[in-house]
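Here the structure comes first, spelled out in structure tokens, and everything after it is commentary.
The values are calculated or read from the model by the stated rules, or taken from the named source; none is laboratory data. All figures in this text were calculated on a predicted structure; none of them were measured in a lab. All Cβ positions, glycine included, derive from the backbone under ideal geometry; neighbour counts span all protein chains shown. Quick note on the areas: whole protein, heavy atoms, side chains included, nothing else; ligands and nucleic acids left out. Shrake-Rupley method; radii C 1.70, N 1.55, O 1.52, S 1.80 Å.
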Amino acid sequence: MDPITLISLASSLLKAGPTLIKTVGGLFGEKSGQTAVKVADAVEQISGSLSSPDSQQVKMEQLVKTLTPEEIKQLEKIQVELAQIDAEREARQLEHEETIFSVGQATIQRGDQSTSDKVAACRPNLAYISAFSGSIYVIGAEALHAIGKGDGPDMVIAGIMFALATAYMGIRHREKGQGTAT
């Protein structure tokens, strides 16, 4: 078996974990199921006894080397199915994050389009307050530092004070670029 296949197989088995290996192995018949149980038990033992991911990888590679060619073929089938499951899981996660972002943007846009002047002006006013207070802080702290009092503005505090203004401007810029700004 070539080293790249060996490393890939060992890595994907460790990543999947024993339960998923057993479940997927059972889909391919009795022989694959037996091989999956054997490997899953080894994965569980390796994960429990070794704390370092590198040492777990090495131990898993050694185990895969001891398997018969038939067992390796069965594991390669299982590996393909595990990769498909992982890809589906990742796609769902990305879809979920996109939905959360879209809902947040829709909420912001509804607030900006509100008939209530207070609600519609809330985000811009918070941005103005953020920019104004951050500017006063930086100029004041720098002026005090110039006359020998204080260490000047703390960039972490300044960043926090400017955060709302920069977020508002960044979001508005992005919305205007997309043509969705109100």
Qualifying positions in region 38-93 - outside any helix (DSSP H, G or I) and open to solvent by 30 Å² or more (accessible area, probe 1.4 Å): 50, 51, 52, 66, 68
Within region 6-36, tally of residues that are open to solvent by less than 40 Å² (accessible area, probe 1.4 Å) and under 18 Å from residue 86 (Cβ atoms): 12
The one condition in (1) assigned to a helix (DSSP H, G or I); (2) closer than 30 Å to residue 169 by Cβ; (3) free of Cβ contacts under 8 Å to residues at least 40 places away in the same chain; (4) open to solvent by 40 Å² or more (accessible area, probe 1.4 Å) that residue 109 fails to fulfil: (3)
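Results for (1) more than 19 Å from residue 169 (Cα to Cα); (2) under 29 Å from the mean Cα position of the chain (by Cα); (3) open to solvent by 100 Å² or more (accessible area, probe 1.4 Å), shown as yes or no for each residue.
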position	(1), (2), (3)
95	yes, yes, yes
132	no, no, yes
138	yes, no, no
141	yes, no, no
